[in-house]
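The values are calculated or read from the model by the stated rules, or taken from the named source; none is laboratory data. For clarity, every value in this text was computed on a predicted model and none was experimentally measured. Cβ: placed from backbone, ideal geometry, glycine included. Neighbour counts: every protein chain shown. Only protein heavy atoms, including side chains, enter the accessible area calculation; ligands, DNA and RNA are left aside. Shrake-Rupley method; radii C 1.70, N 1.55, O 1.52, S 1.80 Å.
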Amino acid sequence: MMVTMRTLASLAFTAALVAAAVSTTGADHKAFLGRWNLTGTGTDSNAIYWLEIKEENGQLTGMFLNRGGSPVKLASVEVKDDELVITTAAPEGRPGQTFRVKSKGDRLEGSTTVGERTLEFTGARPPSWPAANANATHTYGKPVELFDGKSLDTWNLQVADRPSGWTIVDGAMTNEAKANNLVSKQTFKDFKIQAEYRIESGSNSGIYLRGRYEVQIQDDAGKALDSLRMGGVYGFIAPSVDAARPPGTWQTLDVELAGRFVTVVLNGTTIIDNQEIPGITCGAIDSNEGAAGPIMLQGDHGAIEFRNLTIAPAR
């Protein structure tokens with residue numbers, strides 16, 4: 001009887017340790033759940049990623065935005081000891097990229113291998129904005145003319161040591177293909193912006209809200225709708241209807257941004273109605289979502305002309 005009691009006590013103690021280990025593992029993986037903005041450190045500060053980790057049916061899954069393209073489903077997500085290990089889907093003929101991440105309170109620290117070197121990064125949660133309404137009646141301040149038809153004085157070049165590639169022709173600002181991106185000198189938080197533009201056949205451009213969320217501009221009239229189409233928030237939100245006009249014609253784009261909620265009106269038709277943008281899009285200038293940011297015009301893809309760009313900041 002004494003042996004049995006000791007055995008039972010030992011088993012109970014072992015079970016308690018196992019339970020504690022499971023509990024600890026659960027606590028560890030829960031620290032990684034949710035959305036994260038990842039930013040490279042030091043000379044890699046231009047390396048910006050977005051990550052979302054979920055627990056579905058007892059399994060960890062994730063979406064990942066690399067430095068280009070759209071958010072994609074992670075090939076593997078697991079927690080080993082106190083470390084989150086994620087691997088991106090493998091491009092054809094190449095291995096996937098592995099990121100190793102540790103929780104540091106309300107932040108993350110991690111690294112990945114890029115070529116023959118190690119890139120280190122930190123992670124922060126996006127701001128917790130209350131539910132906003134980009135359709136609500138806001139009080140706006142005095143409109144700011146981002147282009148007056150005469151000069152580009154209100155803009156900086158995204159890459160200072162590269163040629164601009166932009167000129168003014170017949171009162172419209174126009175770029176050469178593969179030109180520099182333009183970044184407004186003034187920054188904005190919540191606002192509505194109006195743009196009038198014209199693109200060529202097969203052309204591709206975009207307007208970045210706060211420099212972080214790209215509203216796509218592309219020759220898309222008549223094509224199937226997805227988040228990469230005209231007026232969509234790149235990689236995240238698809239337009240609800242096709243309101244695009246053929247290339248070579250002037251088009252209008254009206255966008256209201258409140259917090260992370262956006263409404264897009266293309267050529268007088270609402271195509272995105274007060275939807276939340278999950279995170280930064282590829283090409284974002286930074287991942288500091290809580291701060292005011294500039295308007296960025298994508299010039300490094302196809303040719304585009306703008307003859308009106310007006311923004312009204314919310315008060």
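Gly68 meets the conditions (1) touching a residue at least 24 places away in the same chain (Cβ under 8 Å); (2) touching a strand residue (DSSP E or B) at 6+ places or on another chain (Cβ under 8 Å) in every case but one. The failed one is (2). Is it the case, given these coordinates, that Asp273 is charged (D, E, K, R), buried (at least 17 other Cβ atoms within 10 Å of the Cβ) and either at negative phi or touching a Lys or Arg at 6+ places or on another chain (Cβ under 6 Å) (or both)? Taking the combined requirement at face value, the residue does not satisfy it.
Checking Arg260 against (1) basic (Lys, Arg); (2) surrounded by fewer than 19 Cβ atoms within 10 Å (Cβ to Cβ); (3) farther than 26 Å from Lys178 by Cβ, only one condition comes out false. Which one? Answer for Arg260: the failing condition is (2).
Run Ser111 past the list (1) within 30 Å of Val255 (Cβ to Cβ); (2) free of Cβ contacts under 8 Å to residues at least 40 places away in the same chain; (3) not in a loop (DSSP other than H, G, I, E, B) and report the number of the one that doesn't hold. Condition (1) is where Ser111 drops out. Of all residues being hydrophobic (A, V, I, L, M, F, W, C) and more than 17 Å from Leu119 (Cα to Cα) in region 54-64, which is most open to solvent (accessible area, probe 1.4 Å)? Just the residue, please. Among residues in region 54-64 that are hydrophobic (A, V, I, L, M, F, W, C) and more than 17 Å from Leu119 (Cα to Cα), the one most open to solvent (accessible area, probe 1.4 Å) is Met63.
The residues on offer are Arg210, Arg229, and the sole one that is out of contact with any Ser or Thr (no Cβ under 6 Å at 6 or more places or on another chain) and open to solvent by 50 Å² or more (accessible area, probe 1.4 Å) is Arg229.
Considering only residues in region 19-53 that are open to solvent by 20 Å² or more (accessible area, probe 1.4 Å), among the hydroxyl-bearing types (Ser, Thr, Tyr) and not in a helix (DSSP H, G or I), the one that is modelled with the lowest pLDDT turns out to be Ser45. State yes or no: is Leu119 modelled with pLDDT of 95 or more and under 22 Å from Phe236 (Cβ atoms)? Criteria not met by Leu119. Restricting the first member to region 144-162 and to residues that are charged (D, E, K, R), and the second to residues that are modelled with pLDDT of 95 or more and open to solvent by less than 30 Å² (accessible area, probe 1.4 Å), the beta-carbon pairs closer than 7 Å and six or more apart or on different chains are Glu145/Thr310; Arg162/Asn180. Condition (residue is at positive phi and either in contact with a Phe, Trp or Tyr (Cβ under 8 Å, 6 or more places away or on another chain) or surrounded by fewer than 17 Cβ atoms within 10 Å (Cβ to Cβ) (or both)) applied to region 159-173: is it met by at least one residue? The answer is yes, given that some residue of region 159-173 is at positive phi and either in contact with a Phe, Trp or Tyr (Cβ under 8 Å, 6 or more places away or on another chain) or surrounded by fewer than 17 Cβ atoms within 10 Å (Cβ to Cβ) (or both). For region 115-125, the candidate set comprises residues that are touching a residue at least 60 places away in the same chain (Cβ under 8 Å) and not acidic (Asp, Glu); within that set, the residue that is surrounded by the fewest Cβ atoms within 10 Å (Cβ to Cβ) is Arg125. Considered as a group, the residues in region 249-267 that are touching a strand residue (DSSP E or B) at 6+ places or on another chain (Cβ under 7 Å) and assigned to a loop (DSSP other than H, G, I, E, B) include one that is farthest from Ala292 (Cα to Cα), and that residue is Thr249.
Using beta carbons and a limit of 6 Å, which pairs, at least six apart or on different chains, have the first residue in region 226-253 and in contact (Cβ under 8 Å) with a residue 24 or more places away in the chain and on the phi > 0 side of the Ramachandran plot and the second one assigned to a loop (DSSP other than H, G, I, E, B) and among the hydroxyl-bearing types (Ser, Thr, Tyr)? Within 6 Å, the pairs are Gly235/Ser70; Gly235/Ser227; Gly235/Thr281.
Restricting attention to region 105-125, which residues are in contact with a Ser or Thr (Cβ under 6 Å, 6 or more places away or on another chain) and either aliphatic (A, V, I, L, M) or on the phi > 0 side of the Ramachandran plot (or both)? Hit for region 105-125 is Leu119, nothing else.
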